[in-house]
Amino acid sequence: MIYLEVFMAFFIPGILGYGGGPASIPLIQHEVVNRYEWMSMSEFSEVLAISNALPGPIATKMAGYIGYEVAGWPGLAAGLFATVAPSLILMIVLMGFLYKYRHSPKVKRLTAYVRPVIGVLLGILTLQFFTNAWEGAGGWQTAGMLVASYLLLEKTKLHPALVIVLAIIYGILFLG
């Protein structure tokens, strides 16, 4: 029963909290503090502060922590699944809809319009990563990593995951 309560405590804010973490925080607070009384307001504010300080989505970090505190590892899993379930369900429904009408001229135009936007967004993200690396690690380190990554990916056809692992190891050993 506790697992269902943990699930519902995070599933309802996930459905109603349009916009993600910041919009769903008051809803999570209502469920956790007022409805189920798993935490005091002071404890909830501490969990919120820690979740906000760590990288990643706030709601999933809160769900994992609160779920674990309330019901152990199964509670953590229930809370995490509840926060991603609304998006997952919506994505499956929308993908089913798009797949059903994939031959429609309107869907093909939509796809044609979305691809360049995604390309631009990925380009901006790449530029931001490059700028942060240039400022953080320095020009020579960044240029060297760029060339090494290109050679490993394009010339030796090394899997991208292995290139990432090698870059992490390099960062730990030489930039750490």
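The values are calculated or read from the model by the stated rules, or taken from the named source; none is laboratory data. Being a predicted model, the structure only gives us computed values, none of them experimental. For neighbour counting, all protein chains shown are included, and Cβ atoms are generated from backbone atoms with ideal geometry for every residue, glycine included. Just so you know, the surface numbers come from the protein's heavy atoms only, side chains and all, with ligands and any DNA or RNA stripped out. Shrake-Rupley method; radii C 1.70, N 1.55, O 1.52, S 1.80 Å.
Assorted remarks:
- Projected label distance in nm at Val120 and Ile89, using a 7 Å step from Cα toward the beta-carbon: 3.4 nm
- Over all Cα atoms in the range 1-47, the spread is summed up by Rg and Dmax: 10.4, 29 Å.
- Carbon plus sulfur fraction of accessible area for the range 93-176, probe 1.4 Å, in percent: 75 percent
- The range 1-63 versus the range 86-147: alpha-carbon centroid distance in Å: 29 Å
- Accessible surface calculations at 1.4 Å, restricted to protein heavy atoms, place the range 1-126 at 66 Å² per residue.
- A full extension of the chain between Lys106 and Tyr36 corresponds to an added length of 20.5 nm, given 0.36 nm per residue minus the alpha carbon distance.
- Within the chain, longest stretch free of exposed trypsin sites (Lys or Arg not before Pro) [DSSP loop, at most 15 other beta carbons within 10 Å]: 1-101
- Mean projected area of the convex hull spanned by the Cα atoms of the chain, taken over all viewing directions: 14.6 nm².
- Once the chymotrypsin sites (Phe, Trp or Tyr not before Pro) in DSSP loops with at most 16 neighbouring Cβ atoms within 10 Å are cut out of the chain, the longest remaining piece is 102-176.
- Nearest-0.05 FRET efficiency for Ala148 and Ala49, computed from C-beta distance (R0 45 Å): 0.70
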